[in-house]
Amino acid sequence: MKILHTADIHLREYEDNRWKALQKLIEIGKKKKIEIFIVSGDLFDKDVNAEALRPKIREVFSNNGFKIMLIPGNHDSDSYTSGKYFGGDVVVLTDLNKPFEYKDVVIWGLPFEPIEGEKILDKLRSLSNNLSRNKKNILLYHGELLDAFFSRKDFGDEGEERYMPVKLSYFKDLDLDYVLAGHFHSKFEVWNLKNGGYFVYPGSPISITKRETGQRKVNIFEVGEPPGEYSLDTPYFEEVVVEFNPFSSKNPIEVIKEELKRVPPEANIILTIKGYINCEEIKVSETKVIKQIEEIIKDRCNKEDFKPEFKDIHTILEDDLFKIFVKKLEKKGYDKARKKQLLDVAIKAMMEAGL
């Protein structure tokens, strides 16, 4: 049996990029012939979005040829009350004591609640006597794994509050084959459980904030096998840092064009340009270089995501004292990294001296 596991889509509007990402995941599910499609929380960004989008969700979540399993996350914790209908193939798990059994798996849902510590442990302990002994047990969970090294930015715009935190040790006495988690946005991550099972964060399938950089992924796996990373072509943010070399014969604009070619078209670029240029040599002013770069990147990078930190230092490069330093440096035979380090020190020193 094949399962697709994702989380943290944070739907807001019909037919926006997040909605299209969900549709793409449904199509991938069909292509990969999965039997269960899991969203481990935060399908919606807010409860009000869930209510507005529910008529369209019913269409997307019906007649796909596979079951769709949902649990509430911290953003949509009240979206699934009163038996609301989300589609013909949808099962919403809102009660840990009411699992969903399908063929050779039993799927349990631990939906988000504002609890921690002993209260979470009590809930997990209640599972121990109920877990199946002859089928694979899968737990859906939405919250923070404290064993992992995360910063606040890995969870989207959540602030400093804790969100139903757990440790891997909480699961050590439970015969769980998979803990399929949500809430961690940044990237696909897997941890081994002591009993031989797996704890998995798939990361968000589309960048929700600019802090979620890199190609997005989902977890597609065969039950009984390890989790599997599946790369997506959904929109995401990519940090690109370019450093201009004032001693290079290459035109700075060509350097930028070459860097952009390396970034896939679905990536929204966050571009930082460091280093130095010699405007006297290239016969273009600092201002004109920036305008040319803005024209090149206008379809790939928002204005606020372009950070030009490079400087024109032609007066330093033409200074006799600096030329003497460069000649002596060349004779020393330093490797490329060391040479660059010393040149940077000399340039900064001369800039501070007002040369």
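Computed from the coordinates by the stated procedures, all read-outs in this text should not be read as laboratory data. Note that the coordinates shown come from a computational prediction; the quantities given were computed from them, not determined experimentally. Glycine also receives a Cβ, built like all others from the backbone with ideal geometry; neighbour counts cover every protein chain displayed.
Summarising the amide proton neighbourhood of Ile270: residues at separation of 5 or more, or on other chains, whose placed amide H is nearer than 5 Å comprise Glu238, Glu239, Val240. Of the GluC sites (Glu not before Pro) found in the range 7-79, those that fall in a DSSP loop while having at most 12 other beta-carbon atoms within 10 Å are Glu13, Glu15. A crude spin-label estimate for the pair Lys328 and Ala52, with each label 7 Å from Cα along the Cβ direction, gives 6.7 nm.
In this rough spin-label picture, where each label sits 7 Å from Cα along the Cβ direction, the Lys33-Ala346 distance is 6.6 nm. Remark on Gly182: its backbone amide H falls under 5 Å from those of Tyr141, His142, Gly143, a criterion applied only to residues 5 or more positions apart or on other chains, H modelled at 1.01 Å from N.
Full extension of the chain segment joining Lys20 with Glu295 gains 96.2 nm, where the gain is 0.36 nm per residue of separation less the Cα-Cα distance. Charges were assigned to the Cβ only: +1 to each Lys and Arg, -1 to each Asp and Glu. The resulting dipole of the chain about its Cα centre is roughly 960 debye.
The residues packed around Gly73, meaning those with a beta-carbon under 9 Å from its beta-carbon, carry a net charge of -3 if Lys and Arg are +1 and Asp and Glu are -1. Against the empirical 2.2 N^0.38 Å (N residues), the chain has a Cα radius of gyration ratio of 1.28. Note on the range 95-143: antiparallel DSSP beta bridges, both residues inside, total approximately 35 percent of the bridges counted. Give the residue list of trypsin sites (Lys or Arg not before Pro) in the range 180-246 that are DSSP loop and have at most 16 other beta-carbon atoms within 10 angstrom. Answer by residue number: Lys194, Lys210. Considering the range 9-74, its Cα convex hull presents a mean projected area of 4.0 nm². Charge tally for Val223 (other residues, Cβ to Cβ under 11 Å; Lys, Arg +1; Asp, Glu -1): -1. 3J(HN,Hα) along the range 85-96, derived from phi through the Karplus expression 6.51 cos²θ - 1.76 cosθ + 1.60 where θ = phi - 60°, amounts to 8, 10, x, x, 9, 8, 10, 9, 9, 10, 9, 4 Hz, with x in place of Gly and Pro. Expressed as a rounded percentage, what relative contact order does the range 2-231 have, with Cα pairs under 8 Å and six or more residues apart? Computed over the range 2-231, the figure is 20 percent. Between the beta carbons of Lys98 and Glu304, assuming R0 = 41 Å, the FRET efficiency works out to 0.30 to the nearest 0.05. Within the shell of other residues whose beta carbon sits under 15 angstrom from the beta carbon of Lys340, the net charge comes to +2, with Lys and Arg scored +1 and Asp and Glu -1. Bridge orientation summary for the range 216-336: considering DSSP beta bridges with both residues in this region, about 20 percent are antiparallel.
One chain, two ends: Asp122 and Thr315. Fully extended at 0.36 nm per residue, the span grows by 62.5 nm beyond their Cα-Cα distance. From the residues Gly214, Gly182, Val263, which one has its Cα farthest along the dipole of the range 181-283 in the positive direction, the dipole being from +1 and -1 charges on Cβ of Lys/Arg and Asp/Glu about the Cα centre? Farthest towards the positive pole: Gly182. Between amide H atoms placed 1.01 Å from N, distances below 5 Å from Asp312 occur with Ile277, all of them 5 or more places distant or on a separate chain.
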